[in-house]
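Heads up, the thing below is written out as structure tokens.
The values are calculated or read from the model by the stated rules, or taken from the named source; none is laboratory data. Computed from a predicted structure; not experimentally measured. Every residue, glycine among them, receives a Cβ derived from its backbone with ideal geometry; neighbour counts consider all protein chains shown. The area values use the complete protein model at the heavy-atom level, side chains included, leaving out ligands, DNA and RNA. Shrake-Rupley method; radii C 1.70, N 1.55, O 1.52, S 1.80 Å.
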Amino acid sequence: MPTPYDDELRAAGLDPDAVLAQIRAALAEDLPGDDVTSVATISTEARGSGVFAAREAGVVAGLGVAALVFHEVMGDAVEVTDRVADGTRVVPGDVVMRVSGPTRGLLTAERTALNYASHLSGVATATSHWVDALAGTRARVLDTRKTLPTFRALQKYAVRCGGGVNHRFSLSDRAMVKDNHVVAAGGVVPAYDAVRAAYPDLRVEVEVTDLDELRELLEAGCTEILLDNMDSATMAEAVRIAGGRATLEASGGLTIERAREVAETGVDFISVGALTHSVKVFDLGLDLSEG
């Protein structure tokens, strides 16, 4: 059964059926039976309204998902208004969404809706900090596959809301030759050649740990190379050696304090697992009132 949010989710690069299935699973965690507190204390006729407001500065994401949570609980009985667009920068006190409907339903949906919006806004906000740190350089911040299980599509969407760029989504859509693959194949070039032979039409990125491996791959024709755990001087030399023949991605233990320094080496991308695996939730609140 289509929801009012299907077109919006598709436009955001999300699968509406998958998002709805995830929301239903999340609600099932809270509702193996009745919402006993709300049933006991709130009449079925009571109606209320609520205001979602930012309690800190940042970038919001996942408000459409939060709205869908309310719709899943209450259907057409809920009204969502004044929702700002995902990707909007906000300051403390900014109202980002209003909801009104049966009070029981609002309270039943509240925590699940906040969980989605707070977490995804946290991802978007963290990403925006990196985007700000890299402003004026050629480097773009990338996410990784270090995502919460089953949350990858939503987390990568939130990265886009924060101004970041998505790396591969799965093990199938791009080859990523890491150190263990290199060991198994007997070197960076044999590993690269093996992937090219098996999947000639697939993008291939290869990780290197020193400049000799970089030179070997450039000679082999590799056009996407990851610089793993290199210091800034070595990365700058890698950029000079590559001379535009390959896009270069910096990775490995990078911090926001080093972001600018790394970007100024001339690398094209900086990949940051912490955007998704260690994100701090964004402080959103929902204040409800009767009537």
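Calculate the dipole size of the range 132-278 relative to its Cα centre from +1 charges on Lys and Arg beta carbons and -1 charges on Asp and Glu beta carbons; express the result in debye to the nearest 20.
Charge dipole of the range 132-278: 700 debye, to the nearest 20.
So, counting K/R as plus one and D/E as minus one, what does the shell of residues with Cβ under 13 Å around Arg258 add up to?
Numbers: positive: Arg260; negative: Asp231, Glu257, Glu261, Glu264.
Counting the neighbours of Arg258, the net charge comes to -3.
The calculated Kirkwood hydrodynamic radius for the chain is 21.0 Å, given to one decimal from all distinct C-alpha pairs.
Taking other residues whose beta carbon is less than 12 angstrom from the beta carbon of Arg111, and scoring Lys, Arg as +1 and Asp, Glu as -1, yields -4.
Each Lys or Arg adds one and each Asp or Glu takes one away; over the other residues whose Cβ falls under 11 Å from the Cβ of Val69, this sums to -1.
Compute the accessible area per residue over the chain, keeping the other protein chains in place, probe 1.4 Å, unit Å².
47 Å²
Projecting the Cα positions of His167, Gly186, Val204 onto the charge dipole of the range 151-221 (unit charges on Cβ atoms of Lys, Arg, Asp and Glu, taken about the Cα centre) puts His167 furthest along the positive direction. Each principal axis of the Cα cloud of the range 135-216 was evaluated for its coordinate range; sorted largest first, these ranges are 39, 33, 22 Å.
In this structure the amide hydrogen of Val206, modeled in the peptide plane, comes within under 5 Å of the amide hydrogens of Val177, Glu224, Ile225, Leu226, none closer than 5 places in sequence on its chain. Roughly how many Å is it from the Cα centre of the range 229-291 to that of the range 153-168, as a whole number? Their Cα centres are 13 Å away from one another.
Largest first, the residues Val123, Val281 sort by 1.4 Å accessible area into Val281, Val123. The phi torsions of the range 236-250, fed into the Karplus equation with coefficients 6.51, -1.76 and 1.60 and a -60° offset, translate into couplings of 4, 5, 4, 4, 5, 5, 5, x, x, 6, 8, 7, 10, 10, 8 Hz, rounded to whole numbers, with Gly and Pro shown as x. Considering the range 97-187, its Cα convex hull presents a mean projected area of 8.9 nm². In whole angstrom, note down how far apart the Cα centers of the range 64-94 and the range 1-43 are. When both Cα centres are located, 13 Å separates them. Here the Karplus relation 6.51 cos²θ - 1.76 cosθ + 1.60, evaluated at θ = phi - 60°, turns the backbone of the range 51-60 into coupling constants of 10, 7, 9, 6, 10, 7, 7, x, 10, 8 Hz, with x for every Gly and Pro.
Computed over protein heavy atoms with a 1.4 Å probe, the carbon and sulfur contribution to the accessible area of the chain reaches 52%.
Note on the range 132-278: along the principal axes its Cα atoms extend 37, 36, 23 Å, ordered by decreasing extent. Distance between the 7 Å Cα→Cβ label points at Asp210 and Ser278: 2.8 nm. Charge dipole of the chain (Cα centre as origin; +1 on each Lys and Arg Cβ, -1 on each Asp and Glu Cβ, all else neutral): 200 debye, rounded to the nearest 20.
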